Amino acid sequence: MSAARAVLVAITVSLVAPHLASAQTSPEMTFFITSVNPGKGADLGGLQGADAHCQKLAEAVGVKNRTWRAYLSTQGPSGESARDRIAPQGQTVLHNWRNAKGVMVARNLTELQAADTKVNKEMALTEKGESPQRHDIMTGSQADGSAFKVAEDRTCNNWTSSTTGSAQLGHYDRQGGGDAPTSWNSAHASRGCSVDALRGTGGDGLFYCFAIK
């Protein structure tokens, strides 16, 4: 290969590479697992920060004009349930949640929360259409998608702490250990809320994102 041709190839690769991820993501995507943590473990800046992270990642791969919500519950007097955050209009309303490849995962909340849900290793992908390296996914939720009523912190102080508390986790691949190893949204609690504690438990501080419109 001539020097001039080598330079041309290098320039072409540098121009195309930033667009490869978005080219692999279907514009119909309405469900994904975050590919990265914002950087502070379970301190996501609360639900608002988590929602903004979903929005940022989706738009980075070219999926725009959608409103995203993190599948995360909070605790306390003003606690919210993850299931209500992503389906505020109820169980049977069609949402048609599709993964990054455009494949249907669930048509509504009933299908999403069913025992035979399609949230699994093959279907639960990041916004880039990839499988996470570690299977723990933060939810702070019970198996039915509702918030915990117990005093014990399962949301790392409602997603504002990287130092105290713990986070309830699900297994996106539906296997492993814990009280409910096959649960995608409520398998067990984390060892802590820091990046290291989450990794030590089996995750990278990732969470599910759903488009609500």
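The values are calculated or read from the model by the stated rules, or taken from the named source; none is laboratory data. Quick caveat: nothing in here was measured; it's all calculated off a predicted structure. Please note: Cβ atoms are built from the backbone with ideal geometry, for glycine as well, and neighbour counts cover all protein chains shown.
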Taking the stated definitions as given, is residue 178 under 13 Å from the mean Cα position of the chain (by Cα) and on the phi > 0 side of the Ramachandran plot? no
Output the qualifying pairs, or none if there are none: Cβ atoms under 6 angstrom, residues six or more apart or on different chains, first residue in segment 56-81 and in contact (Cβ under 8 Å) with a residue 60 or more places away in the chain and closer than 21 Å to residue 42 by Cα, second residue of a type in the set (Val, Ile, Thr) and not in a loop (DSSP other than H, G, I, E, B). 69/86; 71/86; 74/155; 75/155
Within segment 169-183, the residues that are under 21 Å from residue 82 (Cα atoms), surrounded by fewer than 24 Cβ atoms within 10 Å (Cβ to Cβ) and touching a residue at least 24 places away in the same chain (Cβ under 8 Å) are 173, 174, 180, 183
For segment 198-213, pairs from a residue that is basic (Lys, Arg) to a residue that is modelled with pLDDT under 95 and outside any strand (DSSP E or B), with Cβ under 6 Å and 6 or more apart or across chains, are 213/67
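The rows are residues; the columns are (1) in contact with a Lys or Arg (Cβ under 8 Å, 6 or more places away or on another chain); (2) outside any loop (DSSP other than H, G, I, E, B); (3) over 24 Å from residue 51 (Cα atoms); (4) small (Gly, Ala, Ser).
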site: 170; (1), (2), (3), (4): no, yes, no, yes
site: 176; (1), (2), (3), (4): no, no, yes, yes
site: 180; (1), (2), (3), (4): no, no, yes, yes
site: 183; (1), (2), (3), (4): yes, no, no, yes
site: 186; (1), (2), (3), (4): no, no, no, yes
site: 208; (1), (2), (3), (4): no, yes, no, no
